[in-house]
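A.B. asks: Just passing along the structure, written as structure tokens.
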Amino acid sequence: MAAAQLFTMLIILDISSHWCQMFFTASFKQHHKSAEGNQNSFALVRWYYSYYYFFGYCCVGTEFTYVAIYILAKVTTLDQYETIRIGCEYFLMISIPACITKQIVNVSQLCSACHAVAAYDAEQKNK
């Protein structure tokens, strides 16, 4: 059950950070992945969106990490599933770094976007 809660929290982090980023950039009629839309974001977020191959590796690696862990949770220890288990474990060696990186970017993106929204709101209120 702890794994389900962890995955739920990570998915909520992903959705909320993306939504906040989109909300902020849409306020200025910019795309949330563009250089203009990310000019006030943390450096990690700007770098992440500027290298699309790395961006793709992180996004796809995160999703495949979830799938591989799910498969490992469902596969029993019977010998007939040994190949699947070993394959998933090797695959996780490639995909887990992408998943961890994506979560770090999500936290940075959430903090950056929330800060930008708060600064914009404060500026608008103080006019």
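The values are calculated or read from the model by the stated rules, or taken from the named source; none is laboratory data. These numbers were taken from a predicted model, which means no experiment stands behind them. Reconstructed Cβ throughout: ideal geometry from the backbone, glycine too, with neighbour counts over all protein chains shown. These area figures cover heavy atoms from the full protein model, side chains too; ligands, DNA and RNA do not enter into them. Shrake-Rupley method; radii C 1.70, N 1.55, O 1.52, S 1.80 Å.
A.B. asks: How many residues does segment 70-106 hold that are in contact (Cβ under 8 Å) with a residue 40 or more places away in the chain and either touching a Phe, Trp or Tyr at 6+ places or on another chain (Cβ under 6 Å) or exposed (fewer than 15 other Cβ atoms within 10 Å of the Cβ) (or both)?
C.D. replies: So the answer is 4.
A.B. asks: Continuing with the same structure: Given the conditions (1) at pLDDT below 80; (2) more than 22 Å from Ser95 (Cα to Cα); (3) open to solvent by 30 Å² or more (accessible area, probe 1.4 Å), and given that Gly37 satisfies all but one, which numbered condition is not satisfied?
C.D. replies: (3)
A.B. asks: Does Thr101 satisfy being within 24 Å of the chain's Cα centre (by Cα), farther than 20 Å from Phe24 by Cβ and either of a type in the set (S, T, N, Q) or part of a loop (DSSP other than H, G, I, E, B) (or both)?
C.D. replies: For Thr101, the condition - within 24 Å of the chain's Cα centre (by Cα), farther than 20 Å from Phe24 by Cβ and either of a type in the set (S, T, N, Q) or part of a loop (DSSP other than H, G, I, E, B) (or both) - is met.
A.B. asks: Shifting gears a bit: Which residues, taken from segment 51-63, are farther than 20 Å from Leu6 by Cα and either among the small types (Gly, Ala, Ser) or open to solvent by 80 Å² or more (accessible area, probe 1.4 Å) (or both)?
C.D. replies: Matches in segment 51-63: Tyr51, Tyr52, Tyr53, Gly56, Tyr57.
A.B. asks: Taking the stated definitions as given, is Tyr66 modelled with pLDDT of 90 or more, surrounded by fewer than 17 Cβ atoms within 10 Å (Cβ to Cβ), under 23 Å from Leu6 (Cβ atoms) and touching a helix residue (DSSP H, G or I) at 6+ places or on another chain (Cβ under 9 Å)? Please lay out each step first, then the result.
C.D. replies: Working: modelled with pLDDT of 90 or more: yes; surrounded by fewer than 17 Cβ atoms within 10 Å (Cβ to Cβ): yes; under 23 Å from Leu6 (Cβ atoms): yes; touching a helix residue (DSSP H, G or I) at 6+ places or on another chain (Cβ under 9 Å): yes.
Criteria met by Tyr66.
A.B. asks: Continuing with the same structure: Can you work out which of the residues in segment 118-127 that are in a helix (DSSP H, G or I) and either touching a Ser or Thr at 6+ places or on another chain (Cβ under 8 Å) or open to solvent by 70 Å² or more (accessible area, probe 1.4 Å) (or both) is modelled with the highest pLDDT?
C.D. replies: Taking segment 118-127 as the starting set, the residues that turn out to be in a helix (DSSP H, G or I) are 118-125.
Subsequent filtering for residues that are either touching a Ser or Thr at 6+ places or on another chain (Cβ under 8 Å) or open to solvent by 70 Å² or more (accessible area, probe 1.4 Å) (or both) retains 120-121, 123-125.
Values: Tyr120: 78, Asp121: 80, Glu123: 80, Gln124: 79, Lys125: 83.
Only one residue fits best here, namely Lys125.
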